[in-house]
Amino acid sequence: MKRSQPLLIQALLRQARQRRPRAIAASKSRGEYLANFTTITLISLALLAVCLLLAPRANAQVFSSQPYVAAPDPAVEQLRERVEALEADLKTATAKAEALGAALADARRVADEADAGRRRAETGLQQLMDRVEALEDRLTDAAAGQDANAAGAIALTPGGPAAAPAFDVASLPADETALFDQAKALLTEAGDFPAAHSAFEVFLTKFPKSKSAGDAQYYLGESLLYQDNFADAATAYGKLIKDFPQSTHAPTGLVKLARSLRLMGNTGQACRTLSLMSSNFPKAPALAKQLADQERQQAKCA
């Protein structure tokens, strides 16, 4: 129907063109010419009316009711993709930051726990040092009033309570490990220093090449030091440093040797002994170095 309307208009136009010359040729009078002109005018007005009727339909076809959608811009699409990629990277970075924050919090908690443990250890060490100082004071009081010999040493008699009955060394076990364990128990658990002294002497006599010989030599010096026998204790510690320099107790034994000398009244020799710590035991444990510093203060070393 839409295609037939233009064809109709063309046919009417052709008819108008054909009738116009015919009408002019057939009519020689002015009246006939006007009639023909009127006919042509009416036909033209009819054609114009048809065109006006067709115009709204054409406009309806050109201007659609559907909204206009522009074609996507490649640059805009690339920018959108970059923004989405940045958002994904930001989410990943945020997740990593949260994980690192949690790890840092855990590390801080562990550090706090370690610091608390260190403070507890320092408190325990101070308590131990207080006990050592109290023992030294008791040993010093026991050594007071004794006469010095020609070499400057002091001949001491055991102080404190009356001496215990002699220890029966025959009751000691013959096995190397059992003998060492019993001698150490007599020293550190029972506090029977004379019996520990005898037990360690038996051990060193029977097992001089034992892997525990260095420890036994150190504990022998301890058993003598706790009996106020500073001269024999100094000898035992000196033998430890000379014969067992690789023993873990050797650095502490050097400090105990200096302490024995100081308690014998030989503070100068005690200070000279302490000066050997850095050269003889450069890798000494921190505790041994701390004990050496405290002993220097006790001896008033320069």
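Tally Lys/Arg at +1 and Asp/Glu at -1 over every other residue whose Cβ is under 12 Å from the Cβ of THR267; what's the total? Around THR267, the charge tally is +4. When the listed pairs LYS209/LYS283; LYS256/LYS300; LYS184/LYS289; LYS256/LYS289 are checked against a 22 Å cut-off, the alpha-carbon distance exceeds it for LYS209/LYS283; LYS184/LYS289.
Between GLN290 and ALA95, what is the FRET efficiency for a Förster distance of 45 Å, r being their Cβ-Cβ separation, to the nearest 0.05? Display every interim value, and only then the final one.
Working: r = 48 Å, r/R0 = 1.06.
Calculated transfer efficiency: 0.40.
In plain terms, the residue of SER171, SER275, SER223 with the fewest other Cβ atoms within 10 Å comes first and the most crowded comes last, giving SER171, SER275, SER223.
Each residue of the range 92-108 was assigned a 3J(HN,Hα) from its phi angle through the Karplus expression (A = 6.51, B = -1.76, C = 1.60, θ = phi - 60°), giving 5, 4, 5, 5, 5, 4, 5, 5, 5, x, 5, 5, 5, 4, 5, 4, 5 Hz with x at Gly and Pro. Residue order for THR39, THR273, THR92, fewest other beta carbons within 10 angstrom first, comes to THR92, THR39, THR273.
For SER279 and GLN297, calculate 0.36 nm times their separation in residues minus their Cα-Cα distance, and state this gained length in nm to one decimal.
Working: separation 18, 0.36 × 18 = 6.48 nm, distance 1.97 nm.
Stretched fully, the SER279-GLN297 segment lengthens by 4.5 nm.
Put simply, when 178-184, 245-251 are sorted by average Cβ atoms within 10 angstrom per residue, most first, you get 178-184, 245-251. Once the range 168-291 is represented by equal point scatterers at the alpha-carbon sites, with solvent omitted, what log10 I(q)/I(0) does the Debye formula produce at q = 0.13, 0.22 Å⁻¹? Taken in order of the listed q values, log10 I(q)/I(0) reads -0.50, -1.23.
Throughout, read-outs are computed from the coordinates displayed, never taken from laboratory work. Please read all numbers here as calculations on a predicted model, not as lab measurements. Virtual Cβ from ideal backbone geometry, glycine too; neighbours counted across all protein chains shown.
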